[in-house]
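Read the figures in this text as sums done on the coordinates, not as results from a lab. Given the structure is predicted, the values throughout are model-derived calculations rather than measurements. Here Cβ is always computed from backbone atoms with ideal geometry, including for glycine, and neighbour counts include all displayed protein chains.
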Amino acid sequence: MRQATYSLSIPTQGQGLYECTDEVTRWSRQTGIDRGLLTVFVQHTSASLLIQENADSDVRADLEAFFSRLVPEGVGRYRHQSEGPDDMPAHIRGALTQTHLAIPVDAGSPSLGTWQGVFLFEHRRAPQTRQILLHLIGE
């Protein structure tokens, strides 16, 4: 059994879904591990990870609009606003989604289905640089 780890930096331009499937797949192939389990973990409380459709950008736009309606921003709406009115909504959106993914690896690549992609979901309005840790265990 072998293991490999890597830290991936994803720059964002504010709220939205940022696909990182190619970077994750490229690193997975470079490890030389043929079969195993890949853990993808975001080291932030105001961003999250999703496996979502990557063929139609309308899916991303609809998800972003849905989360904006589900967890609206607004001055005075939340007690925690130390970093601005988008701070607490970002934490709530992060809590409703996920901070890690577990993806099977076969033939050296993540076993994603047709139209599936790995996305960083940035919940803050300001540009950020997010760290994603990749851990692959297998043989």
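Across 10 Å bins from the origin, how do the percents of Cα pairs in region 80-139 run, short distances first?
Going out from 0 Å in 10 Å bins, region 80-139 shows 17, 40, 27, 14, 3 percent.
State, to one decimal in nm, how far the label point of Met1 lies from the label point of Asp106, with both points 7 Å from Cα in the Cβ direction.
Taking the simple label geometry, Met1 and Asp106 are separated by 2.1 nm.
Can you give the calculated 222 nm mean residue ellipticity of the chain, where each DSSP H run of n ≥ 4 adds -39,500 (n - 2.57) and the sum is split over every residue, rounded to the nearest 500 deg cm²/dmol?
Rounded to the nearest 500, it is -7500 deg cm²/dmol.
May I ask for the Rg/Rh ratio of the chain, computed from Cα atoms with Rh as the Kirkwood radius, given to two decimals?
Details: Rg = 16.0 Å, Rh = 15.7 Å.
Result for the chain is an Rg/Rh of 1.02.
Any idea what the dipole of region 2-138 comes to, in debye rounded to 20, about its Cα centre with Lys/Arg Cβ at +1 and Asp/Glu Cβ at -1?
Charge dipole of region 2-138: 400 debye, to the nearest 20.
Report the chymotrypsin sites (Phe, Trp or Tyr not before Pro) located in region 61-139 that are in a DSSP loop and have at most 14 other Cβ atoms inside 10 Å of their Cβ, or state none.
Passing sites in region 61-139 are Trp115.
How high is the relative contact order of the chain? Use alpha-carbon pairs under 8 Å, at least six apart in sequence, and give a whole percent.
Contact order relative to length: 56 percent.
What angle, in degrees between 0 and 90 and rounded to the nearest 10, separates the Cα long axis of helix 21-30 from the longest principal axis of the Cα atoms of the chain?
Compared with the principal axis, the helix lies near 30 degrees.
Using only Cα atoms, locate the centre of region 98-113 and the centre of region 17-91, then give the distance between them in Å, rounded to an integer.
Value for the Cα centre distance between the two parts: 16 Å.
Specify, per residue and in Å³, the volume enclosed by the convex hull of the alpha carbon atoms belonging to region 34-98.
In region 34-98, the Cα hull volume divided by residue count equals 105 Å³.
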